[in-house]
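Everything below concerns the one structure shown next.
The values are calculated or read from the model by the stated rules, or taken from the named source; none is laboratory data. Please read these numbers as outputs of a predicted model, since none were measured by experiment. Cβ coordinates were reconstructed from backbone atoms using ideal geometry, including for glycine residues, and neighbour counts include every protein chain displayed. Side chains are part of the model used for accessible areas, which takes the heavy atoms of the whole protein and leaves out ligands, DNA and RNA. Shrake-Rupley method; radii C 1.70, N 1.55, O 1.52, S 1.80 Å.
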Amino acid sequence: VILVKDTRYAMAFISAAYFGYPAEKLKTIGITGTKGKTTTTYMVKSILENAGYKVGLIGTIEAIIGDRKIPAQNTTPESYMVQEYFHEMVEAGCDCVVMEVSSQGLMLHRTQGFIFDFGIFTNIEPDHIGPGEHASFAEYLYCKSRLLRQCQAGIVNRDDRNTEKILFGHTCDIETFSVLGENGVDAPGQKADIVAERITFSMKEGRLYSHFFTDGKEEFLLQMPGIFNVSNALAAILVARHFKIAQDVVKDALQRQTVPGRCENVRISDKFVFLVDYAHNEMSLRNLLGTLRGFDPGRLVVIFGCGGNRSKLRRGRMGETAGRLADFTILTSDNPRWEDPELILDDIESGIKGTRGAYIRIADRRAAVAYAFDHAREGDIIVLAGKGHEDYQEIGGVRYPMEDKELVKKAAEGRGR
C-alpha cells in the first residue's frame, strides 16, 4: 500500500509511467473553455491533417485513434484512459493529439502527468455550477486556469472579460487572439497576436458562411456561422503558425471543416435553413441567436429545452434570451433525466414570459421538430439547440435512442417543402 495525499493526482502520474510516457512522443494540444472546445479541436485536427500530420483526438463527441472512433463518456476521460489513448495513438503512428480539457478534468487531475505543448483558452461564463459540479464561478474559473500552468505555450482569447483572471499565475508563454481588435475587453488599445478584421456573414444556397481577414490581407471562409466560430478559427490558426503550416493549407482546411452538432446545417429545403447546435447554456444560446440575427432571416426560430438534474439557474436565463433574440420559440424537452419535463418547461417559461417573444410549449422533442417544419416559412432560420451530436434522450434514468439531425430528417420525410 502506498499512501498518497490525492489518489487522483497520483493516478495520473502512475498512468503516465505505466504507459511509458506516451505524451513525450506526441505534440499535445489541450483546449479549455465554456464554449468552443469541440469546434476548435476539430479545426486544429483538420488543419494539421491537411498539412500531412497524423492526429489523434479526445473530446466530447468521440476519441479518434487512427481509423477507430470511440464514443465519449466524458469530455476529458480519467487519467488512465487519457494515457492509454495516448499510447494507442503512438502505436497507430500519430504524431499529434488535440483534446478537450474540461474544468472537471482539470479539477480531478485527469490531465496531470504530462505538460501540454499548447494550451488554448476560448472563453468562460458561469456554467457547470451546482451539486456534483463546481461550488462557485470562482472555483470553475480557477479550474479552467490550471491549463495555463500545465502547458508550454498558451493561446488565449483576449476578448473574454475574465482573461486576466485566467492568466493569473500562468507559467507558460502567452499569445492572444481577438475579434475585437484594439477594443478588447481587458486590454483596450493593445493589439492581439492575431485579429479578425472585416468579418461578414452570408447565406447562400441554403448554407451559412463566415468570412474574415487577418493581417490585413489573408482571407478566410468558414462553413460555420458566428463570431464565436471566427474566434475559434483564430486559435486554430495560431496553432498552425507554430507548426509553420502554409496559409493555403490552413484556409482549405477551415473552409471544408464542419463539426457534428455544432451549427450543423441539415439540408432539407432550399427555402429555409435548419441548423442543429449544442448550445445548452445562456451564453452559447445568446451567441448563437445573436449571430443568426446577423443573417437577416425572415424569422429566427429556436427549439430548445434544459437538462434535468442540472443547474436550474440557466433555465430562466435561457428563456429570457430566447424571448429577446428569437422571433418564435418552441420550448421542448432536452434530457429531463429524473425531473418532470413539464416542470423544467415551467422554469424556462418564467424567463420567456418577461419578454415579448412569441412561444409555444411542446414537451415531446419529436413533435416539436415536426411542428417547426410544418410551420416553417421561406427565409426562416430554424435552430434546434441543446443536444447537438448526442444520440440519445435520457428520461427517468433510461437513455432512449434519439439524434437531433435524424429528427429533422424524419420530420421532412413525406413533407415536400
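Hey, could you check segment 107-128 for residues that are at pLDDT below 95 and in contact with a Ser or Thr (Cβ under 7 Å, 6 or more places away or on another chain) and say which is nearest to Val239 (Cα to Cα)? In this case the residue turns out to be Asn123. Condition first: closer than 18 Å to Asp277 by Cα and of a type in the set (Ser, Thr, Tyr). Now tell me which residues in segment 372-417 satisfy that. Residue satisfying the conditions is Tyr392 alone. In segment 370-397, the residues that are under 13 Å from Ser269 (Cα atoms) reach residues that are surrounded by fewer than 17 Cβ atoms within 10 Å (Cβ to Cβ) and at pLDDT below 95 with C-beta atoms within less than 6 angstrom, at least six apart or across chains, in these pairs: Arg377/Gly298; Glu378/Lys271; Gly379/Gly298; Asp380/Gly298. If you go through segment 16-44 and keep only what is open to solvent by less than 20 Å² (accessible area, probe 1.4 Å), out of contact with any Gly (no Cβ under 6 Å at 6 or more places or on another chain) and at negative phi, you end up with Pro22, Ala23, Leu26, Thr28, Ile29, Ile31, Thr32, Thr34, Thr39, Thr40, Met43, Val44. Conditions first: (1) of a type outside the set (A, V, I, L, M, F, W, C); (2) touching a Cys at 6+ places or on another chain (Cβ under 6 Å); (3) over 26 Å from Met224 (Cβ atoms). Lys54 passes all but one, so which condition is the exception? Condition not satisfied by Lys54: (3).
Anything in segment 398-415 that is of a type in the set (Gly, Ala, Ser) and open to solvent by 40 Å² or more (accessible area, probe 1.4 Å)? List them, or say none. Residue satisfying the conditions is Gly414 alone. If only residues of segment 66-106 that are among the aliphatic types (A, V, I, L, M) and assigned to a helix (DSSP H, G or I) are counted, the one that is most open to solvent (accessible area, probe 1.4 Å) is Met81.
Quick check on this structure: which one of Lys37, Lys45, Lys27 is more than 17 Å from the chain's Cα centre (by Cα) and of a type in the set (D, E, K, R)?
Among Lys37, Lys45, Lys27, only Lys27 is more than 17 Å from the chain's Cα centre (by Cα) and of a type in the set (D, E, K, R).
Determine, yes or no, whether Asp327 is modelled with pLDDT of 95 or more, closer than 27 Å to Ile61 by Cβ and acidic (Asp, Glu).
Numbers: modelled with pLDDT of 95 or more: yes; closer than 27 Å to Ile61 by Cβ: no; acidic (Asp, Glu): yes.
Spelling it out, it is not the case that Asp327 is modelled with pLDDT of 95 or more, closer than 27 Å to Ile61 by Cβ and acidic (Asp, Glu).
When you look at Tyr142, is it open to solvent by 20 Å² or more (accessible area, probe 1.4 Å), more than 19 Å from the chain's Cα centre (by Cα), touching a residue at least 40 places away in the same chain (Cβ under 8 Å) and farther than 30 Å from Asp252 by Cβ, yes or no? No; evaluated as a whole, the condition is false for this residue. When Ala12 is tested against the conditions (1) of a type in the set (A, V, I, L, M, F, W, C); (2) open to solvent by 50 Å² or more (accessible area, probe 1.4 Å); (3) at pLDDT 95 or above; (4) out of contact with any strand residue (DSSP E or B) (no Cβ under 8 Å at 6 or more places or on another chain), the lone failure is (2). Kindly provide the set of residues from segment 16-57 that are under 22 Å from Ile166 (Cβ atoms) and part of a strand (DSSP E or B), ordered by number. Matches in segment 16-57: Thr28, Ile29, Gly30, Ile31, Thr32. Contact map, segment 149-176: residues that are in a strand (DSSP E or B) paired with residues that are open to solvent by less than 20 Å² (accessible area, probe 1.4 Å) and among the basic types (Lys, Arg), Cβ distance under 7 Å, separation 6+ or inter-chain. Pairs shown: Thr176/Arg158.
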